[in-house]
1. Provide the per residue accessible area, probe 1.4 Å, for the chain, rounded to a whole number of square angstrom.
2. Between Lys63 and Glu338, 0.36 nm times their residue separation minus their Cα-Cα distance comes to what?
3. Using the basic label-point model (7 angstrom from Cα toward the beta carbon), what is the Lys212 to Gln261 distance in nanometres?
4. In debye, nearest 20, what is the charge dipole magnitude of the range 274-467 about its Cα centre with +1 on Lys and Arg Cβ and -1 on Asp and Glu Cβ, if you could check?
5. Stretched out fully, how many nm does the piece from Lys20 to Asn48 gain, at 0.36 nm a residue minus the Cα gap?
6. How high is the FRET efficiency from Met286 to His449, r the C-beta distance, R0 30 Å, rounded to 0.05?
7. For a Förster distance of 35 Å, can you work out the FRET efficiency between the beta-carbons of Glu153 and Glu467, rounded to the nearest 0.05?
8. Give the residues of the range 502-516 whose amide nitrogen is closer than 15 Å to a point set 7 Å from the Cα of Glu145 in the direction of its Cβ.
Amino acid sequence: MSKKVKDFGIEKTLKNLGIKDENKGTSTGGKYFASGKILESYSPVDGNLIAKVKTSGISDYDKVIETAEKAFKEFRLIPAPKRGEIVRQLGQKLRQYKDDLGKLVSYEMGKSLQEGLGEVQEMIDICDFAVGVSRQLHGYTMHSERPGHRMYEQYHPLGIVGIITAFNFPVAVWSWNTALAWICGNVTIWKPSEKTPLCAVACQNIMNEVLKENNLPEGISSVMVADHEIGQRLVDDKRIALVSFTGSTRVGRMVSTSVAQRFGKSILELGGNNAIIISKDADIDMSIIGAVFGAVGTAGQRCTSTRRLIIHESVYDEVKNRLAKAYGQLKIGNPLDESNHVGPLIDTDAVNMYQEAIKKGKKEGAKFVVEGEVLKGKGYESGCYVKPCIAEVQNSYEIVQHETFAPILYLIKYSTLEEAVAIQNDVPQGLSSAIMTQNLREAELFLSHAGSDCGIANVNIGTSGAEIGGAFGGEKETGGGRESGSDVWKYYMRRQTNTINYTASLPLAQGIKFDL
Ligand code: NAD
């Protein structure tokens with residue numbers, strides 16, 4: 001471990017979170033076990049090996065599923081507000097471990113310490129939210145068309161929820177799903193990204209404390225640190241009632257088809273290609289801050305990262321020049337050092353994709369206003385640090401239509417708002433979108449049915465990030481799923497319509513007569 005990182009107290013963090021040099025990757029709540037191959041987790045911050053995890057093998061898989069099936073039979077009988085109480089305790093534990101978990105997220109994934117802590121705060125927030133919802137899992141009561149009949153809807157738990165997550169939100173997405181799945185009476189099995197296995201072990205360690213303190217049976221919340229093979233098994237397994245998948249559109253497309261093939265349920269949270277429209281009536285200062293944070297935050301590795309700026313021709317040059325100046329001031333380096341703005345990409349494969357995208361863009365005609373570069377030398381030994389760059393493009397370029405998970409920002413010029421909205425919508429993805437304007441007409445048009453086609457549409461806020469209280473997700477190739485707030489809990493339950501006849505006759509619906 002480098003001296004610099006020692007200064008940031010990583011060793012102590014790992015110890016506090018129960019991470020050893022060698023860990024096992026499967027837990028159903030009790031002792032860890034694992035029969036798969038060894039996974040080594042290297043930090044993109046300094047390239048050092050953090051720790052090893054023995055992954056879940058095929059022989060562990062059935063054990064996990066069978067334990068979860070058994071646990072579900074018990075867990076669904078606990079009243080929802082009591083399940084909420086367990087989620088409340090998870091939130092309390094997360095408060096206790098926030099500093100350590102946030103630091104581990106930063107060190108293993110590479111996002112800034114502030115963003116790592118923010119991610120843990122999201123976990124705490126979803127726990128608080130879910131506690132409230134645990135007392136509000138209500139359905140409608142309807143008037144029956146038949147006399148002496150009562151009709152109503154109720155929601156029941158689904159069973160086992162399989163959670164497959166991406167590397168870029170290595171802890172929050174698990175908690176969004178688990179907190180809601182739990183209050184709804186489901187049990188969960190988590191297959192985290194193989195790029196951030198230690199974050200998953202740390203979360204399960206925290207979870208195991210909650211399970212133990214409440215004397216809960218094993219199988220309510222399990223983890224399987226493993227590669228895509230175990231992920232695929234979860235996807236194909238009829239015993240998994242709901243697969244909540246967060247990841248790329250490429251993998252999501254396969255997941256979607258496989259789950260649908262067996263008539264399972266899925267929540268798909270896939271790639272984005274998010275744009276901010278900067279209007280002639282925008283507050284330019286605000287727009288620059290929103291655009292820069294959206295494009296370079298998490299080194300462009302958020303599903304909601306700003307990838308395209310659609311700028312009115314009258315302010316185009318001003319925005320371009322100010323962005324170039326702002327990019328010149330960015331400090332790129334160790335994300336645990338709070339004076340840096342931009343940390344590393346997750347690994348060298350991601351760096352290669354960044355370079356490929358730049359090359360492809362240039363071939364298609366992109367004009368770089370701020371050039372990209374892979375950084376070398378002191379502090380950049382991991383080989384994962386790149387310079388955020390800006391290019392002037394046409395929206396129709398193939399590379400612009402594609403989500404590159406790196407800090408590459410595309411500038412596109414427009415003249416009418418209708419044209420800007422058409423450009424914004426003219427990509428396969430539909431996650432997050434924004435307009436910067438002080439003009440009410442423009443704002444309302446953007447939010448109307450003739451406006452943005454995305455799951456998230458903001459006014460005078462960038463595209464990046466979201467609050468826990470709203471439903472989160474996107475349309476088109478982003479998958480159509482919704483997670484976290486609002487009435488998203490309904491995705492984790494099955495709806496049942498009940499009709500009770502309290503008369504001595506049996507009238508049929510629609511006035512049908514069937515006399516014997
Ligand atoms: P990825 O698709 O490579 O991997 C995601 C997960 O899928 C990993 O756990 C991986 O092991 C698993 N997986 C791979 N192949 C599988 C298969 N055949 N069956 C089942 N599971 C399989 O994605 P990534 O690189 O980890 O994450 C980046 C992507 O995730 C980006 O596209 C980003 O936009 C997206 N993302 C979306 C959201 C959202 O809410 N919309 C949030 C975070 C990330």
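The values are calculated or read from the model by the stated rules, or taken from the named source; none is laboratory data. Since the structure is predicted, the reported quantities are computational estimates derived from the model, not experimental observations. Cβ sites come from the backbone with ideal geometry, for glycine too, and all protein chains shown count toward neighbours. Surface areas here come from the heavy atoms of the whole protein model, side chains and all, with no ligands, DNA or RNA. Shrake-Rupley method; radii C 1.70, N 1.55, O 1.52, S 1.80 Å.
1. On the way: 22270 Å² over 516 residues.
That works out to 43 Å² per residue.
2. Working: separation 275, 0.36 × 275 = 99.00 nm, distance 4.34 nm.
In short, 94.7 nm is gained.
3. Once both label points are built, they end up 4.1 nm from each other.
4. Numbers: 18 positive and 25 negative charges, 120 e Å.
Charge dipole of the range 274-467: 580 debye, to the nearest 20.
5. On the way: separation 28, 0.36 × 28 = 10.08 nm, distance 1.50 nm.
Result: 8.6 nm gained on full extension.
6. On the way: r = 26 Å, r/R0 = 0.88.
Using R0 = 30 Å, I get an efficiency of 0.70.
7. Numbers: r = 28 Å, r/R0 = 0.81.
Once the sixth-power term is evaluated, E becomes 0.80.
8. 507-514
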